[in-house]
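What follows is a single structure, written as structure tokens, with notes after it.
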């Protein structure tokens with residue numbers, strides 16, 4: 001068992017009213033597992049990652065990392081958050097540099113990781129010269145360079161175009177199976193979740209809680225266009241519908257409701273092992 | 001420009017004593033260089049600039065950093081900095097003369113006062129506008145404390161800081177000229193005063209041209225390329 005999250009909550013004081021981002025969060029993540037957290041906007045998904053990364057502290061409960069001495073989990077952001085003044089190589093070496101790794105070793109590790117994400121020939125480019133997908137691969141290489149036990153990914157492909165996203169789904173599955181890292185991935189894209197996850201964790205809208213966990217037993221590598229995958233995605237979406245509606249009703253004018261005429265194949269539940 | 005100048009002079013609207021033509025100004029420039037009075041004045045002014053501006057940069061960076069870190073400082077010192085920035089720095093001269101006496105220190109103090117506040121404001125603003133995500137990324141990858149400040153915050157804020165330094169330079173240059181005009185034994189401002197006292201308008205105009213050229217040269221040759229380099233590397237513009 002890699003990560004144990006018990007009774008974690010987190011509140012923000014936004015202006016006059018206090019917002020509960022996370023409430024009574026309980027989750028156990030196995031070593032090498034690929035967890036995808038799905039939920040409507042504002043369900044505290046990003047907060048959860050920030051808490052696991054140690055960038056924020058929970059208001060209650062605790063997060064225990066197995067082998068915490070291997071360094072903290074590394075977070076990958078939606079906008080890649082590469083340092084614009086450094087080259088791609090410089091970015092990948094950043095974590096090693098602040099750890100005092102000697103230059104020759106740094107260069108070697110960075111080259112290895114850039115090869116892994118297939119960006120070696122862009123090592124000397126500046127981040128702004130890269131496309132969105134390339135930036136995300138550079139960010140993944142930068143994270144892998146410090147060899148973290150856990151990778152945290154906060155909607156990393158949300159800003160990419162559809163083709164780049166499909167490619168990144170393949171690349172991420174390959175990188176995951178090559179490195180054996182534990183990954184916690186946050187998205188609001190249900191198909192993306194089912195494509196990548198061992199287990200999909202569904203969150204409720206404000207306050208964020210776990211609604212259900214759905215195990216995905218499809219062979220890998222998976223593709224988003226796969227029919228079985230689409231069926232499971234429907235199931236996940238059904239679970240989510242109520243939550244999406246709750247959020248949207250807060251944001252739309254009154255009288256709006258989620259379209260009730262959707263049709264999905266019955267019996268899709270057979271493919272999913274609900275917990 | 002030169003042609004218009006020559007035409008205006010040729011119209012004899014003003015006496016040539018008050019508005020000399022380009023030729024006599026050029027002659028005055030050449031004479032000034034020949035008898036070394038101009039180079040000596042330029043050197044004297046530049047030495048003051050280097051000291052005054054150097055001090056301003058040092059104070060500005062430290063105070064700006066401190067202000068960005070501590071809200072209390074920003075609320076107190078920050079307001080004062082913005083307020084004092086609107087005060088023309090030459091207004092400090094009477095005070096400086098009383099504090100330091102009739103010497104170099106007084107003029108350098110005026111220069112420092114002219115440049116510091118715009119640098120403080122730029123450093124503070126630059127640091128506060130650094131994307132929180134870059135700081136989080138830096139922390140997350142293991143950079144803490146000073147390493148975080150020097151490897152993430154400072155480079156991220158650098159483009160804004162350089163803009164502040166450039167602004168500070170022109171403020172410092174203006175303050176220096178004002179200071180030298182009012183009180184100084186040497187320097188370009190002194191050349192101006194001397195020209196006026198002697199009724200030598202060619203010398204006055206020659207000095208003005210030199211002052212303009214130095215101001216422009218530093219902007220064009222130092223800050224211009226620096227800003228371009230930063231903009232290109234930081235990806236702020238596409239070339």
Quiz item: Among the candidates A:150, A:216, which residue alone is crowded, with 19+ Cβ neighbours inside 10 Å, free of Cβ contacts under 8 Å to residues at least 60 places away in the same chain and under 17 Å from the mean Cα position of the chain (by Cα)?
Solution: A:216
Practice problem: Could you list, in sequence order, all residues of the stretch B:187-213 that are under 30 Å from residue B:61 (Cβ atoms) and surrounded by fewer than 17 Cβ atoms within 10 Å (Cβ to Cβ)? | Solution: B:212, B:213
Quiz item: When you look at residue A:64, is it more than 22 Å from residue A:141 (Cα to Cα) and in contact with a strand residue (DSSP E or B) (Cβ under 9 Å, 6 or more places away or on another chain), yes or no?
Solution: yes
Quiz item: For the stretch A:78-110, how many residues are within 22 Å of residue B:150 (Cα to Cα), assigned to a loop (DSSP other than H, G, I, E, B) and within 7 Å of chain B (Cβ to nearest Cβ)?
Solution: 5
Quiz item: Are there any helices (runs of 4 or more DSSP H) wholly within the stretch B:62-159 with 1 or more residues that are over 22 Å from the mean Cα position of the chain (by Cα), crowded, with 22+ Cβ neighbours inside 10 Å and within 14 Å of chain A (Cβ to nearest Cβ), and if so which?
Solution: B:132-140
Self-check item: Single residue of B:25, B:9, B:57 found to be within 17 Å of residue B:173 (Cβ to Cβ) and touching a residue at least 12 places away in the same chain (Cβ under 8 Å)
Solution: B:57
Quiz item: Would you say residue A:101 is buried (at least 19 other Cβ atoms within 10 Å of the Cβ) and either free of Cβ contacts under 8 Å to residues at least 12 places away in the same chain or touching a helix residue (DSSP H, G or I) at 6+ places or on another chain (Cβ under 9 Å) (or both)?
Solution: no
Quiz item: With respect to the numbered conditions (1) at pLDDT below 85; (2) surrounded by fewer than 16 Cβ atoms within 10 Å (Cβ to Cβ), which one is the sole condition not fulfilled by residue B:43?
Solution: (1)
Quiz item: Do the conditions hold for residue B:176, that is, is it closer than 30 Å to residue A:86 by Cα and part of a helix (DSSP H, G or I)?
Solution: no
Exercise. Mind listing just one residue for me: the one in the stretch A:54-77 that is part of a loop (DSSP other than H, G, I, E, B) and within 9 Å of chain B (Cβ to nearest Cβ) and, of those, surrounded by the most Cβ atoms within 10 Å (Cβ to Cβ)?
Key: A:73
Quiz prompt | Residue list for the stretch A:29-53, restricted to those being closer than 21 Å to residue A:198 by Cβ, more than 14 Å from chain B (Cβ to nearest Cβ) and out of contact with any helix residue (DSSP H, G or I) (no Cβ under 8 Å at 6 or more places or on another chain) | solution = A:29, A:30, A:31, A:32, A:33, A:35, A:45, A:48
Quiz item: Scanning for something closer than 30 Å to residue A:139 by Cβ and touching a helix residue (DSSP H, G or I) at 6+ places or on another chain (Cβ under 9 Å), does the stretch B:89-112 turn up at least one residue?
Solution: no
Exercise. Out of B:164, B:189, B:224, B:195, report the one residue that is assigned to a helix (DSSP H, G or I), at pLDDT below 90 and either within 19 Å of residue B:56 (Cβ to Cβ) or within 14 Å of chain A (Cβ to nearest Cβ) (or both).
Key: B:189
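The values are calculated or read from the model by the stated rules, or taken from the named source; none is laboratory data. Computed from a predicted structure; not experimentally measured. Every residue, glycine among them, receives a Cβ derived from its backbone with ideal geometry; neighbour counts consider all protein chains shown.
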